[in-house]
Amino acid sequence: MEKTELIARCKKNDLVAQKLLFLKYKDLVYTTSLKYCRNSAEAEDNVHDVFIVLFETIHKYTNKGSFEGWIKRITIHKAVDKFRQKKTTDLPYQIESDTREVTIDKKDIDIPIDAIFKAIQELPERYRLVFNLYQLDEYSHKEIATMLSISEGTSKSNFHRAKQILKEKILVFSSTKILNQ
């Protein structure tokens, strides 16, 4: 079944079409959710919540723009909403306005993608959200500040701190890998 027909049938609450749409996009929603959720159980909960919202609001999708992009935005916003509801305070400390660039010399660093993903997942929750929103999904610090109910400066600071933590983890991983060779 073609995507436009599938969407049209979902708008009419066709259960078969909804199941097919779910099967077609569940992996996209899950992998996007994993970037913003602490673990796979939270990501699976987010998938469930996203599809509820998606089927309740699919009539708002006008076939303009990418359907996948629309789903991805719903997924991100749903995960961020859960974060805001938790009012998490898991930050070890706050850097006020130090936003100097954090860089890593890329030569001699060969890190598997799963190690990088694991390092990102281990970031404190707000740092991880800000890092993913800014670096991976290209939201501005102003947009992130609005989404997370923080100041733009705090968004920049959280992003900077996330990069510092990731740099430390990458350097530790690289030195451990060199020692084990």
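Each reported figure results from applying straightforward, stated rules to the coordinates on display, with no laboratory input. A quick note: this is a predicted structure, and the numbers were derived from the prediction, not measured. Quick reminder, even Gly has a Cβ in these numbers, built from the backbone with ideal geometry, and neighbours come from all protein chains shown.
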In the range 1-68, GluC sites (Glu not before Pro) in a DSSP loop with at most 16 other beta-carbon atoms within 10 Å: GLU2
Lys, Arg +1 and Asp, Glu -1 on Cβ, resulting dipole of the range 3-86 about Cα centre, debye, nearest 20: 260 debye
Listed peptides 111-121, 73-83 by packing density, highest first (mean Cβ within 10 Å): 73-83, 111-121
Fewest-first sequence of ASP14, ASP49 by Cβ atoms within 10 Å of each Cβ: ASP14, ASP49
Pairs beyond 28 Å (Cα-Cα), from LYS72/LYS163; LYS3/LYS78; LYS35/LYS86; LYS19/LYS118: LYS19/LYS118
Cleavage-rule hits, chymotrypsin sites (Phe, Trp or Tyr not before Pro), the range 120-181, DSSP coil, Cβ neighbours within 10 Å at most 16: none
